[in-house]
Amino acid sequence: MASTRFKNVIAGQLAKLTGTDASAIARAIDRPKVKGHGTFSIPLPRLLPASVTSGGKKKKADKKTASESKETLGVVAEVQGGRIPDARATLLARIQNEFDTSGMIRSVQPAGQFLNFTVNEPQYLHDTIQDVVRAENAKQAALSSSTSSTSFSSASSTATTSTSTGTWNAHVESLGYGMDPTVGEGKVVAIDYSSPNIAKPFHGGHLRGTILGNFATRLLRGFGYHVVGINYLGDWGKQYGLMAVGFDRYGDRTKLHQDPIKHLYDVYVRINQDITTNPGLDKLANQYFKQMEDGDPAVLSLWQEFRTLSIDFYRRIYKRLGIEFDIYSGESESARFVPQAYELLRTKGLLKEEADGAWVVDLEKFGLGVCTLRRADGTTLYLTRDVAACLERAERFKFDRHLYMIGDDQNLHMKRLFKIMELAFATEAAETSKDQKQQEHWSRSLQHISFGKVQGMSTRKGNAVFLEDILDTAQSTMLEKMKENQAKFDAVKESSSGREGEGSVELVADQLGISAVVIQDFQAKSHKGYEFSWKRMTESTGNTGIYLQYAYARLCGIADKSGTTLNTSANTSLLTEPEAYELANMISQYPDITLSTLHTLEPSTIVNYLFGLSHAISSANQVLQVKAAAEAGEKDLAEARLLLLWCARVTLGNGMRILGLEPLERM
């Protein structure tokens, strides 16, 4: 990528002038925080001997280095003030005097405690464009040459897997500019996300975990990881026993088949109201669940019916969101691994029996309390089934990393799960760590991606918040906004995504609504909660999902009306406007943005970048008139401008797809 190549040129020269390791310098080079301070920047102390640290030093030495680094900052400031004739001032002067600015780098300037570099803009612009062209050509080749992939098969008759073709297409669609599929090549990542409970509504709270998991899946696939997306349904436990008791009282089979999720929710609400005045129902729920675990055929038949109807309903919602899972699993399917889990924990000396017959793991010394894994009546708990599921996945998928996308209200639960797995495999992990060629033991690769709650999420009617209601409300809101501009509304109605008539308009409105919902969520740091706002979310101005879709659709419109054919070999030296370079500079940052996001899995990083890119696109659109150049007979200039705008469109579209959005060509 252009950004990496230019950074390496800077690092190579600085290494020769300072004696500092080139790779360490390259890692320290970043983008300036202040506009107008060049293309790249590095803190001056990182180039001075006193600030260079070694990863192998002891903590005491690190403290000394930190002290020296602090002193160096003061020296640098005084050097720039011209007050200290120090050897370090000589080094700075040497960099400014001897750094070669005749090639890829054109200037070196100190600013405060930073050294800023300005690149050869025409070359940087050209190289960035060709990076995009090469990456997209590779993506198209992958799409045209491959139509299937290896997919993990289910070990259980009740688990459901996606088609191999769908899995492969999802993988390839995540490729393209900004992705490096060699990063995760050969590595398997399991992601547990969405995971609604069939005994409770598929509500708005599930939205955040669902779209965060989809984002992480797409991002990891783009970097070459084999991702196993797992929808681990809450289909077992005492709460299901309570719901089944409720269905015996209030169930209606006609309503069940018409809308299983909402009907089961209504039943669940009513039985929970009853239990406040009739505590005996709690005992009935426990008895029902005991029958489930004992394998009662009649009880399991009703459970299977509820489960199948629920999954069929969920599939429709997920399809609307553009989400596919590799596995529809559930707590019920971990049952066969529960005896193995008990045996493992007993063998490791972790499982103890209480006086009442319950089985527990004592995590008090870790501040995690005493965890019950089997009740006195022999039934399992949520934690028991999660331990069993983890063992089953490790055996089945041989994962290198396992992510759990679960809200922060489950922080304690996840800490307990991870600590139990850590203790259970302490010996194996220690043996693995001795072999530096081996990756760390899988029990050390479990990660909880926690997220905060969304406040104020409700429909216009203020009813119970189902995810489908939220999507329907977003769609209808966008449909109303689209009708405010009758000319554009009619244009979209005529033809959109290969469909005609009202259906196409509703499809566009649905995608706009989904974009609005997703981007409002992703603007906030995922670990923080936020206040849901219909008004702010659906505004067409400002930083919203609608704005991103508008920026993409406008680029498509410019290309359609330009009268110019895309030429990937266009003469980019004709692009001399400042707006052209600024746009290319923004485009060049995308690979660095995605790579940094790979380590944090924080979607707001990409969202904020896309807003910045969209603003650069808006500025460029005002100056880089493709159609005007073509009509003036400046064919080469029109082609160069169109190519740059195409690169912007590709980058914006790739970023939107990683976030789980489908870019619209017309709106």
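Every number here is computed from the coordinates shown, using simple stated rules; none is lab data. Fair warning: this is a prediction, and the values are worked out from it, not measured in the lab. Cβ: placed from backbone, ideal geometry, glycine included. Neighbour counts: every protein chain shown.
Put a plus charge on the Cβ of each Lys and Arg, a minus charge on the Cβ of each Asp and Glu, and nothing anywhere else: the dipole of the stretch 180-451 about its Cα centre is then about 540 debye. Using R0 = 22 Å, the C-beta based FRET efficiency linking GLU531 and ASP408 works out to 0.85.
Among ASP248, ASP560, ASP131, ASP180, a tally of other beta-carbon atoms within 10 Å of each Cβ gives an order, fewest to most, of ASP560, ASP248, ASP180, ASP131. Each of the peptides 412-421, 368-377 was scored by the mean count of other Cβ atoms within 10 Å over its residues; in descending order, highest first, they stand as 412-421, 368-377.
The ranking of ILE317, ILE10 from fewest to most other beta carbons within 10 Å of each one's beta carbon is ILE317, ILE10.
To the nearest 0.05, how large is the calculated FRET efficiency for GLN622 and LYS187 if R₀ is 45 Å and r is the Cβ-Cβ distance?
Efficiency for this residue pair is about 0.50.
Placing R0 at 56 angstrom, the Cβ-Cβ distance between GLN96 and ALA429 gives a FRET efficiency of 0.65 after rounding to 0.05. Charges were assigned to the Cβ only: +1 to each Lys and Arg, -1 to each Asp and Glu. The resulting dipole of the stretch 473-658 about its Cα centre is roughly 220 debye.
Using Cβ counts within 10 Å as a stand-in for footprinting exposure, how do THR101, THR18 rank, fewest first?
In order of increasing Cβ crowding within 10 Å: THR101, THR18.
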